[in-house]
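Worksheet for the structure shown next.
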Amino acid sequence: MRSLRLKMVLIMILMVSCLMLVMVSFLTSRVVSFYVTEFYDKMEQSFTTGFLQQLQNIAAQADDKASGAEQLKELVMAQADLGIDISDRNVYILDREGTVLSGSNARSAVTATPNLLTAMAGQVGQQSALMDRYMDLAVPINGGGYGYIVYVLDNRGTVNALTSEIVRIILRALVLGLAFCIALSFILSQIIISPIEQLTRGTQAVASGDFSKKLEVSSRDEIGTLTQNFNHMAQVLQDTLAEAENERSKLSTLFLHMTDGVAAFDAAGQLIHCNPAALSMLRKSENELRYDLFAGIAPLEDVLALRQPQFAEGSLQAGDRELELFLAPFSAESAGGVIVVIHDVTEQRRAEQTRREFVANVSHELRTPLTNIKSYAETIVQTGDELPPDLRSSFMNVILGETDRMTRIVQDLLTLSRFDSGRMEMNFTRFDLRQSVETVCRAEQLDAQSHGHTLTLLPGPTAMVNGDQSRIEQVVMNLLSNAIKYTPDGGEITVSTGLEDSHVWVRVRDNGIGIPEKDLPRLFERFYRVDKARSRASGGTGLGLSIAQEILRLHNGEIQIQSVYGKGTVVTVRLPVAAGGPDGE
Ligand code: ADP
């Protein structure tokens, strides 16, 4: 049954009907019982010993059976208290066998009721059940002569008429009561159900996510309290939802922008969520991303079986990237899954590798001169005076040369370490780069000439830059000395300068040995040398270009090397023009 209103109406009807039914049964049974009791009381009062004696006398003196019966009937009917009215209550005179001899009406036979049977057995029959349709009394008359039974039978006509009247009245009351009930239940339902309906509408609105409507609290009863509590609950729910939404958006922003990749998979290994970093690190699209990709690190079931804070870890190669992965289970109320956090360790590994190589290089670079120094010094010590003086002085020169080399290496390393730690102090001024280049060219001219090179500085404009002049000159000097070193004697070295947009450039060109193409990208690595023996022989440390690059980095400049192996090399340095113009005006 859907409607509470209908339920209320039915309950009321049922209640009223039950009440009426109880009243009907109670009243009718009381009326019947009253009448039955009254009947037997009257009988008892009427059939006194004297009256019985009179009846016995008639029976004893009767001429014949029929006239005796007639006389008995007359006497009984004359007894007003018995209330024989012929219609509802009658009297019959029967013989001891139960045959009707005379009666107040024309009935010639009566039913053999229990009372009658009792009287036929010689006792007074005076019992009647409430449910019987009649009341009767059977009195045996024994006075010698004929034996009679005086039988008073009441068909309960009066009682029945009264009880049917009662039922009629109650039925009428029932109809009225029901009408009243229906009207009352509608009024009641209006009072009780309307707020409930309002609450129902409220819950529906909240369920569909609409928190805007506050329900009106129209009473202070239980329903009013319920409405008030509902409003409070809706408010708390709204706040909680807003908080959760806020958290969610914070998390999704975090996921979106974090550099580590995060991907979540359900218990079946299907992708639930992932951030852009995860996709780019794994080089996959969202459709391709499944847990199977990580099954080699730990099978899905194994990770799901882990208990927090346990996790599995492993690494994966995706293209040229090295990825470190952490896999941990998560469990929601409905189902669990696995979260994979991806960390790109390519740079870290590369840096570790570079550092390892660097330490190995430093050890190697220092060991070589040290070994040389040791062996020459040992020879000098062991041979003593036997060593010819010119050989001794040449050995001493080697030792000095190697010491200088070591000093240069240590100095270069120190410079680089200052750059690395950001402790390199730069003395920035505004100066003319063209002038600096001219100074360096002049300084290197002698060295170039000693190798038979032609060192030419082409004409160029004034070019003001902002920077540490001595460091920039160090860069140009390094480029020039490289050109001199890596060009066979009698080579052509040309230096030129110029302006291009907002940059000043310096170019050093030689027609020397050149650099193989495969080595070009590695020239700026520390200690990287194309031809180690040649570099070492000419006093190189393999750190010059690294230092040049660091210096230019701090000046927002750049360095580019173009080379054709066996033909020559062109190195170009670019620096931003100083504010105020390139010509220093
Ligand atoms: P080095 O002290 O060995 O010169 P650099 O860092 O200055 O170290 O140079 C690195 C390497 O680059 C050199 O060892 C050399 O092999 C190569 N290189 C630099 N400049 C030239 C050039 N002009 N011609 C040929 N090779 C060059």
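Excluding residues fewer than 8 places away in the same chain, name every one of the lysines whose C-alpha is closer than 29 Å to that of K213.
K250
Direction-averaged shadow area of the convex hull around the Cα atoms of segment 184-330, nm²?
13.6 nm²
Please list C18, C274 in order of solvent-accessible area, largest first, computed with a 1.4 Å probe with all protein chains present.
From most accessible down to least: C18, C274.
At 7 Å along Cα-to-Cβ for each site, give me the label-to-label distance between Q310 and L414 in nm.
5.6 nm
Show me, for segment 196-212, the HN-Hα J-couplings you get by feeding each phi into the Karplus relation (A = 6.51, B = -1.76, C = 1.60, θ = phi - 60°), rounded to Hz, glycine and proline as x.
Along segment 196-212, the couplings run 5, 5, 4, 4, 4, 4, x, 5, 4, 5, 5, 4, 8, x, 9, 9, 6 Hz.
Binning every alpha carbon pair distance of segment 373-491 at 5 Å from zero, what are the percents per bin?
Per 5 Å bin, starting at 0, the Cα pair percentages come out as 2, 9, 12, 13, 14, 14, 12, 9, 6, 4, 2, 1, 0.
How about K7: which aspartates and glutamates have a C-alpha closer than 16 Å to its C-alpha, ignoring those fewer than 8 places off in the same chain?
Result set, ordered by chain and number: E197.
Between A179 and Q61, take the C-beta separation as r, use R0 = 56 Å, and let me know the FRET efficiency to the nearest 0.05.
With R0 = 56 Å, the Cβ-Cβ based efficiency is 0.25.
For the chain, take the alpha-carbon Rg, divide it by the Kirkwood Rh, and send me Rg/Rh.
Here Rg/Rh amounts to 1.68.
Set the Förster distance to 56 Å, then compute FRET efficiency between S538 and T259 from the Cβ-Cβ distance, nearest 0.05.
Calculated value: 0.80.
Take the Cα pairs of segment 349-421, get the Kirkwood Rh, then feed it into Stokes-Einstein at 10 °C and 1.306 mPa s and tell me D in µm²/s.
Using the Kirkwood radius from Cα pairs, D works out to 112 µm²/s.
For a test of the definition: using alpha carbon positions, the gyration tensor, and the 1.5 limit on a/c, classify segment 312-396 as rounded, prolate or oblate.
Here segment 312-396 falls in the prolate category.
Starting from 0.36 nm per residue, how many nanometres of slack lie between D41 and F326 once their C-alpha separation is accounted for?
Length gained, D41 through F326: 92.1 nm.
Within segment 244-304, which GluC sites (Glu not before Pro) sit in a loop by DSSP and count at most 14 neighbouring Cβ atoms inside 10 Å?
E286, E288
Could you quote the convex hull projected area for segment 122-163, Cα atoms only and averaged over all directions, in nm²?
Mean shadow area of the hull around the Cα atoms is 3.4 nm².
How much of the accessible area of the chain, in percent, comes from carbon and sulfur atoms when a 1.4 Å probe is used?
Heavy-atom surface of the chain belonging to carbon and sulfur, 1.4 Å probe: 56 percent.
Within the P(r) computed for segment 2-161, what percentage of the Cα pairs occupies the region above 23 Å?
Counting pairs separated by more than 23 Å, the tail of P(r) holds 44 percent.
Against the longest alpha carbon principal axis of the chain, how many degrees, from 0 to 90 and to the nearest 10, is the axis of helix 544-554 turned?
Helix 544-554 sits roughly 60 degrees off the main axis of the chain.
Given a 1.4 angstrom probe, what's the average accessible area per residue across the chain, in square angstrom?
Accessible surface, normalised per residue, equals 57 Å².
Find the all-direction average of the projected area of the Cα convex hull for segment 429-576, expressing the result in square nanometres with one decimal place.
Result: a mean projected hull area of 8.0 nm².
Straight-line reach from K532: which lysines fall under 22 Å, measuring Cα to Cα and dropping same-chain residues less than 8 apart?
Those lysines meeting the cut-off are K374, K485, K518, K567.
Taking all pairs of distinct Cα atoms, average 1/r, flip it, and tell me the Kirkwood hydrodynamic radius of segment 56-128 in Å to one decimal place.
For segment 56-128, the Kirkwood estimate is 12.9 Å.
Between T456 and residues 5 or more places away or on another chain, which pairs have amide H atoms under 5 Å apart, with H built 1.01 Å from N, and which residues are they?
Residues meeting the criterion, in which the H sits 1.01 Å from N, are I493, T494, V495.
Which GluC sites (Glu not before Pro) does segment 69-153 hold that lie in a coil by DSSP with at most 10 other beta carbons within 10 Å?
Answer by residue number: E97.
The values are calculated or read from the model by the stated rules, or taken from the named source; none is laboratory data. This one's a predicted model, so the numbers in the text were calculated from it and none came from an experiment. Cβ atoms come from the backbone with ideal geometry, glycine included; neighbour counts cover every protein chain shown. Please note that ligands, DNA and RNA were not included when accessible areas were found on the heavy atoms of the full protein model with its side chains. Shrake-Rupley method; radii C 1.70, N 1.55, O 1.52, S 1.80 Å.
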